[in-house]
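Read the structure below first, then the notes.
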Amino acid sequence: MKILLVGNGAREHIMAEKLAQSPKCEELLVFASSMNPGIETLSRIYHVGDLNDAKAVRAFAEQNKPDFAVIGPEAPIAAGVVDELEEAGIPCASPTRKLGQLESSKSFTRALLEKYHVPGNPYFRIFKSENGLAEYAQSLGQFVVKADGLHGGKGVLVQGDHFETVEEGVEAAKKFIESDGSVVIEEKFVGQEFSLMSFVDGESVVDMPPIQDHKRAFVGDKGPNTGGMGSYNYPLNLPFLTKQDLKDAHEITVRTAAALQQELGRPYKGVMYGGFIAVKNGVRLIEYNARLGDPEAMNALSLLETDFVDVCKAIIDCTLDRLNIRFSDQATVCKYVVPEGYPTNPRKGDKIEIGELPGGVKFYLASVDQRTDGLYMLGSRAVAFVGMADTIEEAETLAQKGVESVSGPIFYREDIGTAELIQARVYMMKKLRG
Ligand code: GLY
């Protein structure tokens, strides 16, 4: 098969690796926004263009005739790349623009869950002007300001973390109304966040292992929000979650997929990535994404034992129920190295070198440029290192060796996947749930 992959970050690097590894993949075609040397070596044709120009992606696909396509990031999905490809007769293992509203419109998803009585929603209201906004926010106690549209991980502001007073929250909400036309004000949850990503074909929902991401830039969950500094999974389940938590999260995704079909008259195909939070009395939905998470893709796809091409085909053909999707029951830890100053004022154009790596460590390139004399950072997350082993301790040690091998003006979070950090989260949940 000829397969088209859209995107060029570390998430797409591991997607490319998994697709290219399949004996069924004859040619990998890539439409990217910049040169990712890791992906480029895996592909037969590597085209650089605007990922969000749906017509340009369609023209590339019509010229090269892939059997199917899969999209990495959210923006091309929101820009209607899948709609254009499907119109050209190319099936996709990713959702159309309308179905992708699950991620691209926070108000759409909150209203959908409410309309179809899907559990997991917070108290919320959608505002198109500031009328009544301050009063509503105050009535919630602590609240969250959520931009309606896509903001590259910077659209969610939580009281106590990103702002303190109601006035500050209202000011932020007004800016989101200006940029997006509306804003969601919702109740703040207290608990532990986790990502449960599921393959969805419109009828079946197959969960990947639960994973925990780390959004804050610095050790101890300090500093500004980032795209995600790293993530880990634990064999079988995260230690602060119960089996019932996973069942509850799965049920929310199953019911949301059914609601999407009823509301939009078309089955959702692709990945539904639930950002959930385990709270005192169950599980709540923070948000959905319409794609694999980054960095979570590095954990989930490292663990995936089933041929990824078969998974994509089953999503398209609505045959997930006939595919035995298996994941290794090992632990993985992913740590990103990022340029000094990231995310607020990142250094750009610095050279890095990746040193010798022990067996069991892999790396995936993100925002880097390959020049004749080496790798240069472009200003965002640069390289993701993944350790995989039978225990979380071993996996963390491996990922740490990976990030420590890099020389250059970088930093990373050494606490991701460590016993100390995980125990603190287990303790927090124990205290919360009594
Ligand atoms: N892990 C954050 C994201 O993929 O949006």
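Listed by first and then second residue, the pairs with beta-carbon distance under 8 Å, at least 6 apart or on different chains, first residue in segment 283-304 and under 13 Å from ALA384 (Cα atoms) and more than 11 Å from the ligand (Cβ to nearest atom), second modelled with pLDDT of 95 or more and assigned to a strand (DSSP E or B), are SER302/THR332; SER302/LYS362; SER302/VAL386; SER302/MET388. Among residues of segment 205-217 that are free of Cβ contacts under 8 Å to residues at least 12 places away in the same chain and under 15 Å from ILE416 (Cα atoms), none has a Cβ under 8 angstrom from a residue that is away from the ligand (no atom under 14 Å from the Cβ) and part of a loop (DSSP other than H, G, I, E, B) at a sequence gap of 6+ or on a separate chain. When segment 404-418 is filtered for residues that are among the hydrophobic types (A, V, I, L, M, F, W, C) and within 24 Å of the chain's Cα centre (by Cα), the ones remaining, listed by number, are ILE410, PHE411, ILE416.
Counting only strands (runs of 3 or more DSSP E) wholly contained in segment 110-202, the ones carrying 2 or more residues that are aliphatic (A, V, I, L, M) occupy 143-147, 156-158, 183-187, 192-200. So which residues in segment 143-167 are farther than 26 Å from SER104 by Cβ and either surrounded by 14 or more Cβ atoms within 10 Å (Cβ to Cβ) or in contact (Cβ under 8 Å) with a residue 24 or more places away in the chain (or both)? Once the filter is applied, which keeps residues that are farther than 26 Å from SER104 by Cβ and either surrounded by 14 or more Cβ atoms within 10 Å (Cβ to Cβ) or in contact (Cβ under 8 Å) with a residue 24 or more places away in the chain (or both), segment 143-167 yields GLY160, VAL166, GLU167. Has segment 367-384 got any residue that is surrounded by 14 or more Cβ atoms within 10 Å (Cβ to Cβ) and within 17 Å of LYS18 (Cα to Cα)? Yes, there is a match, as at least one residue in segment 367-384 is surrounded by 14 or more Cβ atoms within 10 Å (Cβ to Cβ) and within 17 Å of LYS18 (Cα to Cα). Taking the criterion of being within 16 Å of the ligand (Cβ to nearest atom) and at pLDDT below 95, the residues of segment 175-222 that qualify are LYS215, ARG216, ASP221.
In the set ASN225, ASN237, only one residue is surrounded by fewer than 22 Cβ atoms within 10 Å (Cβ to Cβ), within 14 Å of the ligand (Cβ to nearest atom) and within 27 Å of ALA419 (Cα to Cα); that residue is ASN225. Looking only at residues of segment 128-142 that are in contact with a helix residue (DSSP H, G or I) (Cβ under 8 Å, 6 or more places away or on another chain), surrounded by fewer than 17 Cβ atoms within 10 Å (Cβ to Cβ) and in contact (Cβ under 8 Å) with a residue 40 or more places away in the chain, we find that the one that is farthest from LYS98 (Cα to Cα) is GLU130.
Annotation note: Cβ proximity below 6 Å between a residue of segment 172-199 that is small (Gly, Ala, Ser) and a residue that is in a helix (DSSP H, G or I) (sequence gap 6+ or interchain) occurs for ALA173/LEU133; SER182/SER107; SER195/GLU296; SER198/THR253. Put simply, of ILE315, ILE277 the only residue that is in contact (Cβ under 8 Å) with a residue 60 or more places away in the chain, in contact with a Lys or Arg (Cβ under 6 Å, 6 or more places away or on another chain) and more than 30 Å from LEU29 (Cβ to Cβ) is ILE277. Search segment 251-282 for residues being over 23 Å from PHE124 (Cβ atoms) and under 18 Å from the mean Cα position of the chain (by Cα), and hand back the single one that is farthest from the ligand (Cβ to nearest atom). Result: LYS269. Only one entry in TYR268, TYR232, TYR273 is within 19 Å of VAL70 (Cβ to Cβ) and part of a strand (DSSP E or B), namely TYR273. Is it fair to say GLN330 is away from the ligand (no atom under 13 Å from the Cβ), more than 16 Å from the chain's Cα centre (by Cα), surrounded by 17 or more Cβ atoms within 10 Å (Cβ to Cβ) and of a type in the set (S, T, N, Q)? Yes. Scanning segment 62-109 for residues that are closer than 18 Å to LYS2 by Cβ, away from the ligand (no atom under 16 Å from the Cβ) and not in a helix (DSSP H, G or I) yields LYS65, PRO66, ASP67, PHE68, ALA69, ALA88, GLY89, ILE90, PRO91, CYS92, ALA93.
The values are calculated or read from the model by the stated rules, or taken from the named source; none is laboratory data. Note that the structure is a prediction, hence the values are computed from the model and not measured. Every residue, glycine among them, receives a Cβ derived from its backbone with ideal geometry; neighbour counts consider all protein chains shown.
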